[in-house]
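The values are calculated or read from the model by the stated rules, or taken from the named source; none is laboratory data. This structure is a prediction, so every number in the text was calculated from the model and none was measured. Positions of Cβ are backbone-derived with ideal geometry, glycine not excepted, and every protein chain shown enters the neighbour counts.
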Amino acid sequence: MASWDGNEVLKNIKIDTDMSKIDTEYPSNCLPIKLNKRTGKAKKCQFEAIDVNMYEESAHMITFHTSVNRIQPWIKALSLLYFDNMGNQKDNVIKWSDVPERWSDRHDVANSILIEIRDPSEHILKYNVTFFVTTGTIRVQGSNYLSFVEKDFPILIEIMKLLDTCENDETPLKTIEGREPNEVVTQQTINDQVMTVSEKQTKTDANNINEEKSEVSQNLKPTNPKIDNNNNAADTPSQTEVNLSRLQQCFLDTICKLQISQEKDTTTIVEAVNGCKILLLQGQSQLDQKSTDKDTLSKELQSVQQKIKTLQEEKDSLKSQLQIEKGNVTLLKCQYDDLNIHSRNLLVETRKELEKLVSSTNSELDFNANRLIIKNQELQTLHESEHNLRLQLDKAMDEILNLKSQISSSMDISGQHAGTATSKSQHQTKEQVDQQPIWKPSVLLIGTSNIRGINESKLSPSIDAIKEICFTLDKTNEYILGYNPQTPPAVVVLHILTNDLKTKTPQNCACELFALISTIQEKWCEVKCIISLATPRKDDMMHHTNGQIVNALIKQNFYGRHYTELKKFQLIEHNNMYYEGQANEDLLQNDLYHLNDKGVSFLASNIKQAVHQILNIPLPPTRRPRSQSRNRRGRGRGRGRGRGDSD
């Protein structure tokens, strides 16, 4: 491999040696304490060096490994090169992923970091870098793997030199005090720690002993004796003493060094043993905690089982209750069906009886209507007879006057003048009698907007009607108090209940109506009152019901008090505005509240009949078509077909 300059390589690389981000993302508690053994050809890979001939060329792969205490620095170096620098360039697309995404077991062989380098134009994989953190193996594979060997690896080595703060040994000592606080202590972990300390201590002792042996050997090596000419050593007594003292001193020094070394080793072993005791105590406390948790869980399990048993009993009880309730429901259903059938039969019978009653009532009404028609015809005949008699009387009077004039013509001139004056005075007296106005009773009609369509001048030729629109009881009371005609009205008709029912209760409306009647009595003592009850409506069922209630209250108070004895009061119930007990929509406008022209006609007819009845005035004859009159004259006045055909 060609040589390269580290400074030149790192010239365009941004280096941030802060390890805090790596400690956060890849903390020590998720990294292995001890590397697993490598398998396959990875056993032969070099330590942070590349052998391109290790794999065949067709494999497109190289492998190297690192030590356990250099895992985080290598992650930092890979992050600086690929993520922070090459990731910001347009020539490459970098994808960094953890496999699996979360490392729950620090010794899981699957824990690895995968870095993919792709071509951005064609999105083709150039090569990938896989860091197996549990074995410390870094593998590069891909079609452009030589690019990693020639360009990336030298940069990574220079970055590691900057980050390197540890020794390059593969099995560093990790003391017990350096463990993570949340790491679970196991017996295997304690044994590993003790074995690590023991092995290190054994190596230290062996090294110290070897050093001492070499030193002693060096010290015990005899000095070159002086040789005489005959090659015989000539040792003097003084020289021998010196050698013995030197040997003694060497032994003493060696013994002192061994003693100091053993004391240090003993201290280290005692510390390791104390650490093991602490670990044992922690493990024991954890076991006690687990035992306590187990007892608590057992009690909770018993409580849950008891609750389950109680719930099962409640379930069985509810099932039995459900069966009983089902039986009760079936029984109630049968009773309901029987009651429903009985009610339907009773309803059918009631309808039949009502139909019979309505039929008989209609027949009676038809009979009374026919009688009324006959009476009206008789009245009309009487009126015609009266008219004819008047004509005959006028004719007789004219004849009498003619006779008088003829008689007076035979008299003298003075008598003739006197007769002429008498005839003129008689004619003037007849004209004055005919020109005198006929007196009609006045009727004051007060009501809501429903009476707006009533033409008071055509209500009846027998009365003089005055109409006033007052929407509420309060407005009516104000109008009565301020109305002062020269002649008090003979009848006051009140049709003012419908609007007040929207804002007041039926009881309040009834009380205010009777108070208004009392006010009218106090003001005009001889006046007669007609109360027109609320007309039916279909816009709102609540308002319609309130109308029925106030009608019932008025009838109850009216028939239970002294009004009927004085014959000054009368009610109009408007029964002809109902159809089968409901409001007749043919009489209402589109709002189902106000009366249309037909409904106003019904209201005016009911008021007219009530006024004639309370004043004891016969109703005027009804005008009928000429063809109908001719038919009746042809059929006579008997009770045969003529009466039936009048319907």
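Of all residues being of a type in the set (D, E, K, R) and within 25 Å of residue 361 (Cβ to Cβ) in region 577-623, which is surrounded by the fewest Cβ atoms within 10 Å (Cβ to Cβ)? Just the residue, please. Spell out how you get there, then give the answer.
Residues of region 577-623 of a type in the set (D, E, K, R): 580, 585-586, 591, 597-598, 608, 623.
Checking which are within 25 Å of residue 361 (Cβ to Cβ) leaves us with 580, 585-586, 598, 608.
Values: 580: 7, 585: 14, 586: 11, 598: 13, 608: 19.
Here the answer is 580.
Where the second residue is assigned to a loop (DSSP other than H, G, I, E, B) and the first is without any contact (Cβ under 8 Å) to a residue 60 or more places away in the chain and lies in region 25-46, which pairs have Cβ atoms under 7 Å and are six or more apart or on separate chains?
41/54; 41/55; 44/54
Pairs only if they're at least six apart or on different chains, beta carbon under 7 angstrom, first in region 126-137 and assigned by TED's automatic domain parsing to the domain that holds residue 74 and surrounded by fewer than 19 Cβ atoms within 10 Å (Cβ to Cβ), second in a loop (DSSP other than H, G, I, E, B) and among the charged types (D, E, K, R); list them, first residue then second.
So the pair list comes out as 126/119.
Applying the selection to region 454-475, what residues are among the aliphatic types (A, V, I, L, M), in a strand (DSSP E or B) and more than 55 Å from the chain's Cα centre (by Cα)? Walk me through how you get there before you give the answer.
Going residue by residue through region 454-475, those that are among the aliphatic types (A, V, I, L, M) are 454, 459, 463, 465-466, 469, 473.
Now narrow it down to the ones that are in a strand (DSSP E or B): 465-466, 469.
Answer for region 454-475, where residues must be among the aliphatic types (A, V, I, L, M), in a strand (DSSP E or B) and more than 55 Å from the chain's Cα centre (by Cα): 465, 466.
Of all residues in region 476-500, which are assigned to a helix (DSSP H, G or I) and surrounded by fewer than 17 Cβ atoms within 10 Å (Cβ to Cβ)?
Matches in region 476-500: 478, 479, 481, 482.
Checking residue 143 against (1) surrounded by 15 or more Cβ atoms within 10 Å (Cβ to Cβ); (2) over 54 Å from the mean Cα position of the chain (by Cα), which test does it fail?
The single condition residue 143 does not satisfy is (1).
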